[in-house]
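Only one structure is covered here, and it is reproduced in the block below.
What follows draws every value from the coordinates through simple rules; no lab data is involved. Bear in mind that the values here come from a model prediction, so they are computed numbers and not experimental data. Ideal geometry is used to build each Cβ from the backbone, glycine not excepted, and the neighbour counts take in all protein chains shown.
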Amino acid sequence: MTAARQSVIMSQPLTLRIRPGESVRFPNHCVACGQPATERLMLHNRRGQLTRRLDAPLCADCARQLARRSGREEQLRRTGALVAAVVGVLALVAVVALVGGAWWLRGLLGALAASAAAAFVWALFRRRAEAAQLPETRAVRAAAQIVDFTWRDMTLVFADEAMATAVRELNAALLPAAVPQLEAGEPTI
Ligand SMILES: [Zn+2]
């Protein structure tokens, strides 16, 4: 998982009772540097077919940093796109040439093989490109992360402990300890 290679010290994990599509409240400060936020950092975590996303506040400077790529990263992405396209076409041609049967079936199998082969190659290059990220870019990306999730919970960590505390306070009603009482119909103020 992405949390495996963290170089920065992260906050205590914050688990919120939040289902897909529900949002978390953030202070209007950049999660990476604390400046006033005008942009968004999309956090995501994937497990198998399930993906959870969340937007965190980001300032314009950090957003620019996030878009910046190292030369090596750019090169890997370009080469990856080219190799993925070539491998996809080769897979399509090979399947169409080697598999018997109706033309539409060969075409369908060829298209499936082409997209699977291209996706596999692209994933290999993308992983290497991510490893070649600029340290400053990686720091912005690591400022807030979804480290775990279930169908009803999401666990976040932050590079900045003060941000973690602020998010905990803003979302006190979503803390697992607070929610069962609400669900049981206890009066709330
Ligand atoms: Zn910032």
Least to most buried among PHE125, PHE120 (fewest other Cβ within 10 Å first): PHE120, PHE125
Pairs of Cα atoms farther than 22 Å apart, the chain, %: 60
Proxy reagent accessibility, fewest Cβ within 10 Å first, across ILE9, ILE146: ILE9, ILE146
Cβ charges +1 (Lys, Arg) and -1 (Asp, Glu), total dipole of region 71-131, debye: 80
Placed amide H near PHE149: partners under 5 Å, 5+ positions off or other chain: THR155
Calculated [θ] (222 nm, deg cm²/dmol) that DSSP helices of n ≥ 4 give over the chain, each run adding -39,500 (n - 2.57): -15000 deg cm²/dmol
Length gained when the stretch LEU50-THR79 is fully extended (0.36 nm per residue, less Cα-Cα span): 7.6 nm
³J(HN,Hα) computed for each position of region 119-130 - Karplus, 6.51 cos²θ - 1.76 cosθ + 1.60, integer Hz, glycine/proline x: 5, 5, 5, 4, 5, 4, 5, 5, 5, 5, 5, 5
Per-residue ³J(HN,Hα) for region 165-174, Karplus 6.51 cos²θ - 1.76 cosθ + 1.60, θ = phi - 60°, Hz, x for Gly and Pro: 5, 5, 5, 4, 5, 5, 10, 4, 5, 9
LEU41 long-range amide H proximity, modeled H, under 5 Å: ALA56, LEU58
Selected from ALA164, ALA131, VAL99, residue furthest toward positive end of dipole (region 86-185; charges at beta carbon): VAL99
Sorted by Cβ neighbour density within 10 Å, fewest at the top, the residues CYS62, CYS33: CYS33, CYS62
Test item: Cα-centred dipole of the chain, Lys/Arg +1 and Asp/Glu -1 on Cβ, debye: 800
